[in-house]
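Reading through the structure tokens given below for one structure.
Where a number appears in this text, it was derived from the coordinates with a stated rule and is not lab data. Because the structure is predicted, anything quoted here is derived from the model rather than measured. Reconstructed Cβ throughout: ideal geometry from the backbone, glycine too, with neighbour counts over all protein chains shown.
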Amino acid sequence: MANVIQIIQDKVSEAVQELYQTDFPATQVPVNTTRKEFEGDYTVVVFPFTKAARKGPEAIAQEIGEYLEGAVAEIERFNVVKGFLNLVVSDDYWKNFLLDMATEEEYGKQPANGQKVLVEFSSPNTNKPLHLGHIRNILLGWSTAQIMEAVGYDVKKIQIINDRGIAICKSMLAWQKYGKETTPISTTTKPDHFVGKYYVLFEQYFQEEYKEWQASAEGVAVYEEKKKEEEAADKFFKRYKNLYFNNYSQLGKEARDLLLAWEAGDEQAVALWKKMNNWVYAGFDITYDKLGVNFDKLYYESQTYLLGKEMVQMGLDKGVFYTCDDGSIEADLSDAKLDKKKILRSDGTSLYVTQDLGTAHMRYEDFGAEKMVYVVADEQNYHFQVLFELLKRLEEPYAEGLYHLSYGMVDLPSGKMKSREGTVVDADDLIAEVVEEVRANSEERDTLNDLSKEEKDTIMHQVGLAALKFFITKVHPKKRMTFDPKESVDLQGQTGPYIQNAYVRIQSVLRKWEGAAASEAATYPSLEAEEKDLIAQLFAFPGILQEAAKSYDPSTLAQYAYGLAKSYHKFYHDHSILNADTNAARDFRLALSEAVANSLKFSMKLLGIEMPPRM
């Protein structure tokens, strides 16, 4: 059926032409949702018409309101408040809309638009398990991909795995020195946790070595030489740790030697690297499976870190880059307020930006995508500003379609996490903790005792994952956030389980109804305020979905789902469904409940959340 907002825009454009002899494009007519304190469904802002009409806003609103009331059957009445035209849409329009879409399971989904988009997310290092920070990245990436697909894009989910470098070599070296040939199987340890343990172990031994060095003759001599630059020894040694690693540390030398051996293709180094990386990949797959996440293509830094050299030459040929006196290559981005950026070192080796230039180009060759979305924490904002500016100057065909979905870090109530110190909360442990919170709450309510253990476990997992995923996706990506497992499972709060509970409540109602289909719903005479509010929210969903896709912001969808669930809980509390006063009211409310359930299920599906049949 025709969209009432488009009808209003068309008729207002027509009214302005007829009343004031001025062309005004219908698509530019400003129509907003009426504020709660005023009567109406939609408000037309008439200020853009004052010049043509040569009248005050209130007079214009009155004249256009009278025109619409006579010309648009969907408009029941209007009122004017300080030049704002508030329109009340007829109950018949809302009822017809509801009955048209009541059984449509994915109302709001758009047909294919023929455009491709790549969404890169997760992209972990292979020296440690996935942790809470990765979870926010993964959930933002996954939900963004689902939302983009729902509005018509051909979406490819990709990640680049950081499988090389000094951090990976630290884990490798620690296992060589302290592992005593143990394996994930021999220690019954999840394989990525097994490798991560040695990354932490390396740091512990390194800290001990560093502490001993500080007290050694060499350490004291270095301190005496440098102390004039510092206020205290502890401050000096804190800042000096990286220099120590590179210049004095025996462990640091062994880790660097291992990296050089790997880069040279040494068989033993490469074999160890493959063995430990494969352990980590197996662990990652288990975690991804728990989260319900998968990828269409994996890229590996070990295969891409030499990319970009051809693009550097292309940049030199185009005058985008220039060669410095020391032989290194730079780009001057001062006019874009990004300063000068090194592109290639003087010894010809690549930097991260070099690699990313090459990887972006390779992905375009692989998929021909017009858009690429990089889900990476906000600490890399500058890097992506530089990368995107360089790709524009290199005139890459996809350069205008690049977007950095920058997000804030995630803390726990106890504070920040640090990988090297072993204070990071592993993703698997966090999932288990949230599921256990759900289990404890469920046992208190005693609502699932008639189900088998397998059925209970499935529901606990669905509710636990909903708690985790919703709590993270409901926050605007750019905001830093604190994740509280206990708060996330609150059935009365702004949580995933609260929304699931609305869906489960509807399923309970529909199961109890054993009559015929909602045959008398069309004869329902007039809408209650709560019914109209629910229908208006259902009507708004396609626009909400489009806005979430346009802004790459899953929290838009999460807030919608919460608002719809909250409205349904109120409706359920205030109005009887199966025992309604008339059959028409009963049937209409059943249809309304089904439509709400479908919308909740679809919107939550786009956030990666499943709806349980029971709770």
Stretched fully, the stretch from Asp317 through Ser519 gains (0.36 nm per residue minus C-alpha distance, one decimal, in nm) 65.5 nm
For the stretch 166-308 the translational diffusion coefficient, Stokes-Einstein from a Kirkwood Rh over Cα pairs at 20 °C and viscosity 1.002 mPa s, in µm²/s, is roughly 122
Cβ-Cβ cut-off under 11 Å around Arg164, Lys and Arg +1, Asp and Glu -1: the net charge is -3
Stretch gain in nm, segment Asn113-Lys486, where the contour uses 0.36 nm per residue and the Cα spacing is subtracted:
130.1 nm
Taking Cα atoms, the helix 250-263 axis meets the longest principal axis of the chain at an angle in degrees (rounded to 10) of 70
Rounded tilt (10° steps) of 132-150 against the dominant C-alpha axis of the chain
40
Among Thr144, Thr287, which comes first, then next, by fewest other beta-carbon atoms within 10 Å?
Thr287, Thr144
Compute the FRET efficiency between Ala264 and Glu436 as 1/(1 + (r/R0)^6), taking r as their Cβ-Cβ distance and R0 = 51 Å, and round to the nearest 0.05.
0.60
Tell me, what is the Rg over Rh of the stretch 153-195, with Rh the Kirkwood radius over Cα pairs?
1.20
Helix 166-178 axis, angle to the chain major axis (alpha carbon atoms, nearest 10°):
60
Efficiency of FRET between Asp289 and Asn579 - r from beta-carbon atoms, R0 41 angstrom, step 0.05
0.40
Under the helix-only model (-39500 (n - 2.57) for each DSSP H run of 4 or more, divided by the residues of the chain), the mean residue ellipticity at 222 nm, to 500 deg cm²/dmol, is -18000 deg cm²/dmol
Two decimals is fine: what's Rg over Rh for the stretch 526-589, C-alpha atoms, Kirkwood radius as Rh?
1.10
Ranking of Phe47, Phe471 by count of other Cβ atoms within 10 Å, fewest first:
Phe47, Phe471
Could you compute how fast the stretch 37-168 diffuses translationally, taking Rh as the Kirkwood radius over C-alpha pairs and applying Stokes-Einstein at 20 °C with viscosity 1.002 mPa s? Give it in µm² per second.
108
Going through Lys157/Lys290; Lys478/Lys601; Lys170/Lys197; Lys95/Lys474; Lys479/Lys601; Lys453/Lys601 one by one, the pairs whose alpha carbons sit over 20 Å apart turn out to be Lys478/Lys601; Lys95/Lys474; Lys479/Lys601; Lys453/Lys601
Value of relative contact order over the chain, rounded to a whole percent, pairs C-alpha under 8 Å and six or more apart
15
Using only the alpha carbons, work out the radius of gyration and Dmax of the chain in angstrom.
30.1, 95
Could you give me the radius of gyration and the Dmax of the stretch 470-612, taking only the C-alpha atoms into account and expressing both in angstrom?
16.1, 51
One quarter of the C-alpha convex hull surface, i.e. the mean projected area of the stretch 433-478 in nm², amounts to 3.5
Debye log10 I(q)/I(0) at q = 0.19, 0.28 Å⁻¹ for the stretch 309-349, Cα point scatterers
-0.51, -0.98
Cβ density ranking, 10 Å radius, fewest first, applied to Val353, Val46, Val410, Val81 yields Val81, Val353, Val410, Val46
Here the gain from full extension of Glu106 to Asp347, 0.36 nm per residue of separation minus their alpha-carbon distance, amounts to 81.2 nm
Of Lys190/Lys486; Lys211/Lys342; Lys128/Lys241; Lys109/Lys392, those spanning more than 29 Å from alpha-carbon to alpha-carbon
Lys211/Lys342; Lys109/Lys392
Kindly state, to the nearest 0.05, the FRET efficiency for Glu455 paired with Glu181, given R0 = 35 Å and r defined as their beta-carbon distance.
0.25
